[in-house]
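First the structure, in the form of structure tokens, and then the observations on it.
No lab work stands behind these numbers, since they all come straight from the coordinates. This is a predicted model, so every value here is computed, not measured. Positions of Cβ are backbone-derived with ideal geometry, glycine not excepted, and every protein chain shown enters the neighbour counts.
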Amino acid sequence: MNGGALSMLAAGALALTLLLLALSLLLGLVRVLKGPSLEDRLLSVLLLGSGGVGLLLLLSVSMQLTALVDVALVLALLAAVTAAALTRRGNEHG
């Protein structure tokens, strides 16, 4: 394979991965809104956090914006705090 074909293959793989991560985030959002229990919602929030981090990191590579890495790190911290808050809330009610 030459360099051009390899870069087109990498660009296609990146686009497919971005699309699948966006679909995963959409399905996770549906589960957050419709989740029958607090545990389902907690897992969906964690999915949104990790999927969002992955999406931002892939976007930073494809758009060559290093600032998106910082945003991804902040999102990872917020997802961890949200999970801790939901866990504490679940323990108080259950």
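Contact order, relative form, for the chain: 24 percent (alpha carbon pairs under 8 Å, 6 or more residues apart, mean separation divided by residue count).
The phi-based Karplus calculation (6.51 cos²θ - 1.76 cosθ + 1.60; θ = phi - 60°) puts the 3J(HN,Hα) values of the stretch 67-77 at 5, 5, 5, 5, 5, 5, 5, 5, 4, 4, 5 Hz, whole numbers, x for Gly and Pro.
Only helical DSSP H runs with n ≥ 4 go in: add -39500 (n - 2.57) per run for the chain, normalise by residue count and round the 222 nm mean residue ellipticity to 500 deg cm²/dmol.
Values: 3 runs with 85 residues, N = 94.
Using -39500 (n - 2.57) per qualifying helix, the result is -32500 deg cm²/dmol.
For Leu46 and Ala15, the FRET efficiency from 1/(1 + (r/R0)^6), where r spans their Cβ atoms and R0 equals 25 Å, is about 0.45.
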